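Notes to accompany the following structure.
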């Protein structure tokens, strides 16, 4: 199966024309639009996406397995997870959290020494990642909420969901919909990008260090970049009352999105000396991954990924033959899942597609040294710990660079307020105008 | 049964062999000890197998390859415990493997984890392993250096110096003194000794590549009209070509001069296409393409594969360039996921079955991408990882930041 762009590439001139239209629409229809109307339109659109019988959901479930390679069961499961965070109510909560009140977007609101108003830029370019469906959609919505127009550059790997979503938004609210356009072009088209990026006030981009620095070279000051991130699980509980439950939740976090998200755990660290050894947990985890395989089957991986997984299995196998303290559990069928229990605590990013390493630790504090080289990349930790120790462990993890701690099983479903990369989301899009009345 | 076996083996062992390893039975009990010595000699399965492979190298009989490959497999299965466990876990044993194509192949990573050796080692080679960061080095233990020499020199002779010219060897390779664990360095030393007219000269040591003396040596060769054989690591030759370009130096080596390059680019210098490389050989050295032979080999394997351009030229054949191996090594192209053989001409990853590796493991699975063509194969790349997302991208980015 060849996965490839569904949308035709937009040409340089087409993009220029689209931007002209977006800027015109923004100044005419967005700048004075009440934010409650914007939130209502988004809410209505999202409700359709939360309804499994709606035409947009049906179309997404038909097309996305072909374009992403993800199984239809997985897609049916994750689409509600993605969109349930974008209801009007939740978005309003986010505005309150980050701006004080959503009204600050409409008018001057009181503050300690006067008044302030939040003003969004005229044009935001959102450059989406393609690793999992729905990635970056939140930024697109935030762009509309702060009353900007937005040009969305969808990834050439996954561009069908943004396209279908915006079409459904247009049906609900054509005026709001005229402030967003979804395009795609091959990365590294320098001429197009130089001509395009200069016209935006803000660029929100996901990508590798190289692609982000290439964008920054063209657009210097106004880039919010989300680079590659890694997450991991940590079991710091001496007494695990329900090992199977914990293993099931851990396996769920590994299986979701086929482990391709920045919140997917790459490694599970387990502090030894508790009631459950790392090898016992490994075995349990393998069994639970097999269970999830039936409920949420693994998608189709590229040949190169399966090759990498086979190499990981071979390395584990030969370490075992060499008498090293390594255990390998591999799915009988193909490359569905792989669990390797390995005494070497070095952090190693996963091959993805449900390939996980379980590594025992003597103490929590080893992580400081182990993760020091990974500090800029750390995102989330799925933590299992005693209630009394939870906050203290979270404090330690925060100190070494982690920006989100949550229970295992919840890593892939961050709440609306979570700070991707540790920074505010919507608040980073606006500038504040202060007013002191005479 | 054992008695019969002894009888048969005694008949087939050449008389001189008992002196080959420097053993000198005491003359006092010479006649008595012959039978005991013969027994010990005969029960030395390793020596038997090695002799069989050496004989095959001296006089290849392609129709015998499969049965010899299976004998080597049976020997390795018996002598190498880790390999035996690997094979049995896949339900592959000498009793049910009938073809060299189904001999269980060991991935190169295995050489990093343990020593795969079927007898006491005479020599150890280490892989360079620097492109992937702090990776451990692979170890290849040789039980018989003579076998490595016989195999490497025979095929080198056929592919690089088929015309047996009088050549001076200029090696743009670290010498065995600089890198005592390099299989390439040792091979280059032997090549110069066996096929060169004088002592080889080496132009890379621990301090780096010495381009000025190399250039002087080339100038000398031009002046004296002495053809040379340059054995070089590809990346070092690229550095030399860039040096020539920057210093506006051009050489015109005498007719018959040739270049054997190896090692790929290993990511250390700028990458160069094969075509670009051949053009540079002509531009800066006046060595035409058919005298430029690329070698594909690895520390884990005793045999090497060469571009067959020069071999073909002297056979007056016009086939386009691809890699050929010696008669005692065969290559299978397999699917990267299933490891099953691909359809003829289809791309896959290369598996080599090298009988000269009888002291370690003869069937080796690589990650090198290629396809079968003609009597050999062509390589497309050293890794299939280019399409991979996730881990390899993450790791690449992380490592380049270090």
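The values are calculated or read from the model by the stated rules, or taken from the named source; none is laboratory data. Here the structure is a predicted model, which means the values were calculated and not measured. A quick note on method: Cβ atoms are made from the backbone with ideal geometry, for glycine too, and the neighbour counts reach across all protein chains shown.
Of all residues in region A:119-143, which are modelled with pLDDT of 95 or more, part of a loop (DSSP other than H, G, I, E, B) and surrounded by fewer than 24 Cβ atoms within 10 Å (Cβ to Cβ)?
Listed by number, the residues that qualify are A:121, A:122.
Take the residues of region A:55-76 that are touching a helix residue (DSSP H, G or I) at 6+ places or on another chain (Cβ under 8 Å) and assigned to a loop (DSSP other than H, G, I, E, B): which is surrounded by the fewest Cβ atoms within 10 Å (Cβ to Cβ)?
Filtering region A:55-76 for residues that are touching a helix residue (DSSP H, G or I) at 6+ places or on another chain (Cβ under 8 Å) and assigned to a loop (DSSP other than H, G, I, E, B), the one surrounded by the fewest Cβ atoms within 10 Å (Cβ to Cβ) comes out as A:71.
Scan region A:289-301 for residues that are crowded, with 23+ Cβ neighbours inside 10 Å and assigned to a helix (DSSP H, G or I) and report the count.
Matching residues across region A:289-301 total 1.
Let me confirm something: among B:136, B:112, which residue is part of a helix (DSSP H, G or I) and within 14 Å of chain A (Cβ to nearest Cβ)? Spell out the reasoning first.
Values: B:136 fails: part of a helix (DSSP H, G or I).
Testing whether each residue is part of a helix (DSSP H, G or I) and within 14 Å of chain A (Cβ to nearest Cβ) leaves just B:112.
Considering region A:77-95 alone, what residues qualify as being more than 18 Å from residue A:296 (Cβ to Cβ) and exposed (fewer than 15 other Cβ atoms within 10 Å of the Cβ)?
Selection gives A:89 alone.
Can you pull out the residues in region A:255-283 that are surrounded by 22 or more Cβ atoms within 10 Å (Cβ to Cβ) and away from chain B (no Cβ under 14 Å)?
Selection gives A:255, A:256, A:268, A:269, A:270, A:278, A:281, A:282.
In region A:243-254, which residues are in contact with a helix residue (DSSP H, G or I) (Cβ under 9 Å, 6 or more places away or on another chain) and surrounded by fewer than 24 Cβ atoms within 10 Å (Cβ to Cβ)? Full working, then the answer.
Start the filter on region A:243-254 by keeping residues that are in contact with a helix residue (DSSP H, G or I) (Cβ under 9 Å, 6 or more places away or on another chain), which leaves A:243-244, A:246-254.
Listed by number, the residues that qualify are A:243, A:244, A:246, A:248, A:249, A:252.
Looking at (1) part of a helix (DSSP H, G or I); (2) in contact (Cβ under 8 Å) with a residue 60 or more places away in the chain; (3) under 30 Å from residue A:108 (Cβ atoms), can you tell me which one residue A:33 breaks?
Every condition holds for residue A:33 apart from (1).
Can you find a residue that is in contact with a strand residue (DSSP E or B) (Cβ under 8 Å, 6 or more places away or on another chain), surrounded by fewer than 23 Cβ atoms within 10 Å (Cβ to Cβ) and part of a loop (DSSP other than H, G, I, E, B) anywhere in region B:355-371?
No, that holds for no residue.
Any residue that is more than 14 Å from the chain's Cα centre (by Cα), without any contact (Cβ under 8 Å) to a residue 40 or more places away in the chain and away from chain A (no Cβ under 14 Å) - is there at least one of those in region B:344-367?
Taking every residue of region B:344-367 in turn, at least one turns out to be more than 14 Å from the chain's Cα centre (by Cα), without any contact (Cβ under 8 Å) to a residue 40 or more places away in the chain and away from chain A (no Cβ under 14 Å).
Which of the residues that make up region A:148-180 are crowded, with 20+ Cβ neighbours inside 10 Å, out of contact with any strand residue (DSSP E or B) (no Cβ under 8 Å at 6 or more places or on another chain) and under 19 Å from residue A:20 (Cα atoms)?
Scanning region A:148-180 gives a single hit, A:176.
Of the conditions (1) part of a helix (DSSP H, G or I); (2) touching a helix residue (DSSP H, G or I) at 6+ places or on another chain (Cβ under 8 Å); (3) surrounded by fewer than 18 Cβ atoms within 10 Å (Cβ to Cβ), residue A:52 satisfies every one except a single condition; which number is it?
Residue A:52 satisfies all of (1) part of a helix (DSSP H, G or I); (2) touching a helix residue (DSSP H, G or I) at 6+ places or on another chain (Cβ under 8 Å); (3) surrounded by fewer than 18 Cβ atoms within 10 Å (Cβ to Cβ) except (1).
Would you kindly identify the helices (runs of 4 or more DSSP H) lying entirely within region A:164-246 that contain at least 1 residues that are within 14 Å of another protein chain (Cβ to nearest Cβ) and over 19 Å from the mean Cα position of the chain (by Cα)?
Numbers: elements: A:174-177, A:190-197, A:209-219.
Once the helices (runs of 4 or more DSSP H) in region A:164-246 are filtered for at least 1 residues that are within 14 Å of another protein chain (Cβ to nearest Cβ) and over 19 Å from the mean Cα position of the chain (by Cα), what remains is A:209-219.
Per-residue answers, yes or no, for (1) crowded, with 19+ Cβ neighbours inside 10 Å; (2) at negative phi; (3) not in a loop (DSSP other than H, G, I, E, B):
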site	(1), (2), (3)
B:193	no, yes, yes
B:204	yes, yes, yes
B:223	no, yes, yes
B:238	yes, yes, yes
B:254	no, yes, no
B:259	yes, yes, yes
B:272	no, yes, no
